[in-house]
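The values are calculated or read from the model by the stated rules, or taken from the named source; none is laboratory data. Quick caveat: nothing in here was measured; it's all calculated off a predicted structure. Positions of Cβ are backbone-derived with ideal geometry, glycine not excepted, and every protein chain shown enters the neighbour counts.
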Amino acid sequence: MSASVRIASGSWPVLRTGSTAMLEAELFALLASTADAAFSLTESGEILSWNKAAEKLFGFSSEQALNRHCHEILDARGSLGGAICMRDCVVQRCALHAGPVPDFDMEARTLSGGTVWVNVSTLFYRNVRSGRLIIVHLARDITSRKKQEELISEWVRLSRRVAALNSSVQGAEPGPALSEREIQILQLLASPAAPVDVAGALGITPSTLRNHLHRINEKLGTKDRLSAVLNAMHRGLI
């Protein structure tokens, strides 16, 4: 007779006759085979497994990472600069209350002293014999994407200066009737933060943020995030 170790939408058979350690070994073997940087944690954040892809991405060997708390290794921060890796982090609290964790971006420390931007997915695994909960993180390198966002941010900053110069010479154009909420959204969209982080800062879902941006584009006569931000800057709205 077999049970199932459930991870996301898939399942893998494990023997009921196996020990608690054997059940978790099945999970760790599965994580070792993935191309993503994968590492697993206890509910308190202690690292239980650290695959080869994690070694390559972050620079820390499994010997350096195992049995240490993840915040001691990664010391990660989010897109808005706030600390993500810490004792009793949001992910750990979600794990204890069986809450879902959406994918998120973070800037993590590497062994060389540099940083790497990664997008992280989170899974929860409950050992069917011991009842122990294990937190699994799958991380993908998005440093190139973040560099592009930084370039856009610099472009926006320079565009703001150009818009200010134009306004001082020609006088500011009358602005459309944007609500205070829409102006707040544009101010956050002018930052290099990812849409999911902007939505989180506003306390709304990414889908609701897209709806707001659609209405803003209709009012400004623009087509996307960047053109809306530049238009609003030129009009002196943000």
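Observations, loosely collected:
- Considering residues of region 32-54 that are surrounded by 15 or more Cβ atoms within 10 Å (Cβ to Cβ) and hydroxyl-bearing (S, T, Y) only, the residue nearest to M86 (Cα to Cα): T42
- Selection status of S112, small (G, A, S) and either under 30 Å from L230 (Cβ atoms) or at pLDDT 90 or above (or both): yes
- Pairs meeting the criteria (first residue in region 143-159 and under 22 Å from V118 (Cβ atoms), second residue in a helix (DSSP H, G or I) and among the acidic types (D, E), beta carbons under 6 Å, at least 6 apart or on different chains) are lacking.
- Exactly one residue among L226, L178 is surrounded by 18 or more Cβ atoms within 10 Å (Cβ to Cβ), out of contact with any strand residue (DSSP E or B) (no Cβ under 6 Å at 6 or more places or on another chain) and in the same structural domain as I152 (by TED's automatic domain parsing), and that residue is L178.
- Residue within region 92-105 that is within 17 Å of the chain's Cα centre (by Cα) and at pLDDT 90 or above present: yes
- The helices (runs of 4 or more DSSP H) falling completely within region 54-146 include none with 1 or more residues that are of a type in the set (S, T, N, Q) and in contact with a His (Cβ under 6 Å, 6 or more places away or on another chain).
- Residue list for region 61-83, restricted to those being over 24 Å from R132 (Cβ atoms) and surrounded by 14 or more Cβ atoms within 10 Å (Cβ to Cβ): D75, A76, R77, G78, S79, L80
- Tabulated pairs, region 102-115, first in the same structural domain as Q92 (by TED's automatic domain parsing), second among the aromatic types (F, W, Y), C-beta under 6 angstrom, 6+ apart or interchain: E107/W117; T110/F58; L111/F60
- With respect to the conditions (1) farther than 18 Å from S153 by Cα; (2) modelled with pLDDT of 85 or more, R235 lacks only one, and its number is (2).
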